[in-house]
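Visitor: Quick one: the structure is below, questions incoming.
The values are calculated or read from the model by the stated rules, or taken from the named source; none is laboratory data. Just so it is clear, the structure is predicted and the values come from calculations on it, not from any experiment. Cβ placement follows ideal geometry from the backbone for every residue including glycine, while neighbour counts extend to all protein chains displayed.
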Amino acid sequence: MPLNISDVTNIPAVPTQRIITMVSEKLQATKPQPNGPIGIYDSGVGGITVLTEVMKQMPEEDVIYLADTARVPYGGRSAQEIIKFNREIIHFMLGQGVKMIIVGCNTSCALAYQAMREEFPAVPIQGMIGPGARAAANATKNNRIGLIATVGTIESKAYEIALTKVNKNIAVTANACPLFVPLIEGGFIDAVETLNVAKIYLKPILEAEVDTLIYGCTHYPYLEKVISKIMGPEVALVDPAEESIKHAKKAMDRLKLGNIKPRLPKYTYFVTGSVVQFQDLGSKLLGKPLGSVKQATLSK
Ligand code: DGL
């Protein structure tokens, strides 16, 4: 019979699950502090569109950004996998002392948001879908809304459910765009291939005569030039990040978590994949050098 560590040390064996729970409880016991950073995460560079909104609306806040580039794309993965990845990332974020978490990934919001809020009640967690749906419902005049997102987000029907809560008369035409994320992460934003793929994905939405289109994936605002060219100037393009960060700011004020000391904010980036690749593409998309990008190891 194999020897167990407790056999030789006389320390009672603690089951692994109990250890995980103990670490989790210890991390959660630390109360969010106003001078702590905000945590934002995504599978890759998509969450930078959310970060940009944070820089605009909350310029005094420090941010820890995590891109799970070793496992991008998230869009075709099961709910079970997405929940596991989100759990690992939130543990990492709590270890960094974040005071609020902004889920800069719609697929995570659609498949793991509720589970994460239940598992981590001590930290405020802000999502994209509710605010995005409200912004789109406000923008539409003909009650016809288009939605483009990953396969996971589309299949979850999370946007349809959120939109119906605001207005039962809204008709949604949704289409999954699985090639968009690999094209963006690969740096093909301005390529003719991307335009051609976008024409195919947007055809049913164009035919439905929507007057509003939701970017149901945080990567998609990078394709604004291509998408607005196809949809035309009459269609309002809604980026959920704008409304989501407005909401996060209000929550932060209400919880008295806003950073009150005026100073230059610090942005720290972590990746699970290649540091160099993220630094290059991220800097291009942000329009300025990212600065510090570090390797993250997520505990399983
Ligand atoms: N940007 C993310 C989203 O909003 C993830 C996309 C992906 O990795 O497929 O869904």
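Visitor: Go through Thr164, Thr218, Thr194 for me and flag whichever is outside any helix (DSSP H, G or I) and of a type outside the set (A, V, I, L, M).
Guide: Criteria check complete, one pass: Thr218.
Visitor: Select, from Val235, Val172, Val192, the only residue that is in contact with a Lys or Arg (Cβ under 9 Å, 6 or more places away or on another chain) and either of a type in the set (Gly, Ala, Ser) or more than 16 Å from the ligand (Cβ to nearest atom) (or both).
Guide: Val172
Visitor: Can I ask one more? Just one of Ala296, Ala248, Ala241 is closer than 18 Å to Thr69 by Cα and under 19 Å from the mean Cα position of the chain (by Cα); which is it?
Guide: One residue alone meets the criteria, Ala296.
Visitor: Looking only at the stretch 269-290, count how many residues are more than 16 Å from the chain's Cα centre (by Cα) and over 17 Å from Leu51 (Cα atoms).
Guide: Total satisfying the criteria: 5.
Visitor: Shifting gears a bit: For the stretch 92-139, give me each residue that is in a loop (DSSP other than H, G, I, E, B), more than 14 Å from the ligand (Cβ to nearest atom) and surrounded by 20 or more Cβ atoms within 10 Å (Cβ to Cβ).
Guide: Within the stretch 92-139, Val98, Lys99, Phe120, Val123, Pro124 meet the criteria.
Visitor: In the list Glu160, Glu207, which residue meets the criterion of being of a type in the set (Asp, Glu) and more than 19 Å from Asp239 (Cα to Cα)?
Guide: Result of the check over Glu160, Glu207: Glu207.
Visitor: Given the conditions (1) in contact (Cβ under 8 Å) with a residue 60 or more places away in the chain; (2) closer than 28 Å to Lys199 by Cα; (3) outside any helix (DSSP H, G or I), which single one is not true for Lys284?
Guide: (3)
Visitor: Under the condition of being among the β-branched types (Val, Ile, Thr) and away from the ligand (no atom under 13 Å from the Cβ), which residue from the stretch 33-79 is surrounded by the fewest Cβ atoms within 10 Å (Cβ to Cβ)? Reasoning before the result, please.
Guide: Of the stretch 33-79, the ones among the β-branched types (Val, Ile, Thr) are 38, 40, 45, 48-50, 52, 54, 63-64, 69, 72.
Right, trim to away from the ligand (no atom under 13 Å from the Cβ) and you get 38, 52, 54, 63-64.
Numbers: Ile38: 27, Thr52: 17, Val54: 24, Val63: 20, Ile64: 23.
Checked the stretch 33-79; the qualifying residue surrounded by the fewest Cβ atoms within 10 Å (Cβ to Cβ) is Thr52.
Visitor: Could you pull out the residue among Ile145, Ile161 that is touching a residue at least 24 places away in the same chain (Cβ under 8 Å) and either within 15 Å of Ile227 (Cα to Cα) or among the β-branched types (Val, Ile, Thr) (or both)?
Guide: Just a single option satisfies the conditions, and that option is Ile145.
Visitor: Let me confirm something: among Tyr201, Tyr159, which residue is touching a Cys at 6+ places or on another chain (Cβ under 6 Å) and within 16 Å of the ligand (Cβ to nearest atom)?
Guide: Answer to the check: Tyr201.
Visitor: Let me ask another. Filter the stretch 145-155 for residues that are away from the ligand (no atom under 11 Å from the Cβ) and surrounded by fewer than 24 Cβ atoms within 10 Å (Cβ to Cβ) and give the result.
Guide: The one that is away from the ligand (no atom under 11 Å from the Cβ) and surrounded by fewer than 24 Cβ atoms within 10 Å (Cβ to Cβ): Glu155.
Visitor: Among the listed residues Ala122, Ala70, identify the single one that is touching a residue at least 24 places away in the same chain (Cβ under 8 Å), touching a Lys or Arg at 6+ places or on another chain (Cβ under 9 Å) and hydrophobic (A, V, I, L, M, F, W, C).
Guide: It is Ala122.
Visitor: Go through (1) out of contact with any strand residue (DSSP E or B) (no Cβ under 8 Å at 6 or more places or on another chain); (2) of a type in the set (Ser, Thr, Tyr); (3) modelled with pLDDT under 95 for Tyr222 and report which single condition fails.
Guide: (3)
Visitor: Ok, one more. Output the number of residues of the stretch 199-226 satisfying the condition of being under 19 Å from Asn106 (Cα atoms) and free of Cβ contacts under 8 Å to residues at least 40 places away in the same chain.
Guide: Total satisfying the criteria: 1.
Visitor: Only one residue in Val210, Val235, Val276 is out of contact with any strand residue (DSSP E or B) (no Cβ under 7 Å at 6 or more places or on another chain) and farther than 28 Å from Gln33 by Cβ, so which one is that? Steps first, answer last, please.
Guide: Numbers: Val210 fails: out of contact with any strand residue (DSSP E or B) (no Cβ under 7 Å at 6 or more places or on another chain); Val235 fails: out of contact with any strand residue (DSSP E or B) (no Cβ under 7 Å at 6 or more places or on another chain).
On inspection, the qualifying residue turns out to be Val276.
Visitor: So, in the stretch 279-300, of the ones that are in contact with a Gly (Cβ under 8 Å, 6 or more places away or on another chain) and surrounded by 17 or more Cβ atoms within 10 Å (Cβ to Cβ), which residue ends up nearest to Phe92 (Cα to Cα)?
Guide: In this case the residue turns out to be Val293.
Visitor: Quick one: Lys229 ticks every box in (1) within 18 Å of Gly39 (Cβ to Cβ); (2) out of contact with any Lys or Arg (no Cβ under 7 Å at 6 or more places or on another chain); (3) not in a strand (DSSP E or B) bar one, so which box is it?
Guide: (1)
Visitor: Moving on to the next point. Could you check how many residues of the stretch 233-273 are charged (D, E, K, R) and not in a loop (DSSP other than H, G, I, E, B)? Before the answer, list the steps.
Guide: Pass one, the stretch 233-273, residues charged (D, E, K, R): 234, 239, 242-243, 246, 249-250, 253-254, 256, 261, 263, 266.
After this cut, where a residue has to be not in a loop (DSSP other than H, G, I, E, B) as well, the list is 242-243, 246, 249-250, 253-254.
Qualifying residue count, the stretch 233-273: 7.
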